[in-house]
Amino acid sequence: MTGMKHKITDRMVFTGTCLGYGLFLLYVACSFLPVEALHNRYVNRRVASTLYVPRWDLYTASPQTTISKLYRVDGNKITEVDMRPFVPDFMFGLDRRPKVLAQEVSVIVDDKRLLSTMHPYLILAPEDGYIQQFIGADTLVYTPVSKPQITLLKGKYIIAMYDAASWDMRKDSRRKITPMYIVAVNIAAP
């Protein structure tokens, strides 16, 4: 019975999310269309431009962007933290925690001074693989991290960083492994 209740909740959240996004896109379209009958105090280009900023990189990242994956360490077990926003766990994009998690990971990854004090590990692993096969959680050197910008992450984590594959590498079916830099952090409250 519990599984059925979750399915119904997931469907309701998914339907509500689609309806909300659809209404928002309708609002944006009405704001930018040249029909004067639709425009009023809140439905105009100026207001819509503050809510929706069309850019070329709105849905794509730069090819030079380093990809970061987050793994939580519980004892000797390493589990991947799913930071994709459009999954049922995060209410199909309505929950903002994945965005906060991604920003907190980027605070660690972008801090060059902090990265220079960490002990990086280079491993060759599949991009979507299970990294516990390639590295042991008990053999890592964990760097203590305490920053005021980090509010959700607490405890031991592993951050795997690798470069995005080019189009030619993506098309090559023989490409199985990716060089990854692994850093281990122990995040405490500031």
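The values are calculated or read from the model by the stated rules, or taken from the named source; none is laboratory data. Just so it is clear, the model here is predicted, and its values are computed rather than measured. Every residue, glycine as well, gets a Cβ built from its backbone with ideal geometry; the counts of neighbours run over all protein chains shown. With ligands, DNA and RNA removed, areas are computed over all heavy atoms of the protein, side chains included. Shrake-Rupley method; radii C 1.70, N 1.55, O 1.52, S 1.80 Å.
Just give me the residues in segment 67-107 being among the basic types (K, R) and without any contact (Cβ under 8 Å) to a residue 24 or more places away in the chain, in sequence order.
R84, R96, K99
Looking at segment 68-90, which of its residues are within 16 Å of I159 (Cα to Cα), buried (at least 18 other Cβ atoms within 10 Å of the Cβ) and over 11 Å from the mean Cα position of the chain (by Cα)?
Y71, V73, I78
Would you mind stating whether T60 is outside any helix (DSSP H, G or I) and either modelled with pLDDT of 70 or more or closer than 28 Å to K154 by Cβ (or both)?
no
Spot the failing condition for V183; the list is (1) in contact with a Pro (Cβ under 6 Å, 6 or more places away or on another chain); (2) in a strand (DSSP E or B); (3) at pLDDT below 85, and only one is missed.
Against the list (1) in contact with a Pro (Cβ under 6 Å, 6 or more places away or on another chain); (2) in a strand (DSSP E or B); (3) at pLDDT below 85, V183 comes up short only on (3).
Give the number of residues within segment 91-122 that are open to solvent by less than 40 Å² (accessible area, probe 1.4 Å) and more than 26 Å from S146 (Cα to Cα).
Counting residues in segment 91-122 that are open to solvent by less than 40 Å² (accessible area, probe 1.4 Å) and more than 26 Å from S146 (Cα to Cα) gives 2.
Starting from residues that are closer than 16 Å to I78 by Cβ and not β-branched (V, I, T), keep the ones in segment 155-167 and report whichever is most open to solvent (accessible area, probe 1.4 Å).
K156
Which members of segment 99-126 meet the condition of being within 15 Å of I158 (Cα to Cα) and in a loop (DSSP other than H, G, I, E, B)?
M118, H119, P120
Looking for something at pLDDT below 80 and hydroxyl-bearing (S, T, Y) - is there at least one such residue anywhere in segment 10-30?
no
For segment 31-53: of the residues being in contact with a helix residue (DSSP H, G or I) (Cβ under 6 Å, 6 or more places away or on another chain) and among the small types (G, A, S), which is modelled with the highest pLDDT?
Only one residue fits best here, namely S31.
Can you tell me which residue within segment 136-154, out of those that are open to solvent by less than 20 Å² (accessible area, probe 1.4 Å) and out of contact with any helix residue (DSSP H, G or I) (no Cβ under 7 Å at 6 or more places or on another chain), is modelled with the highest pLDDT?
The extreme case among them is L140.
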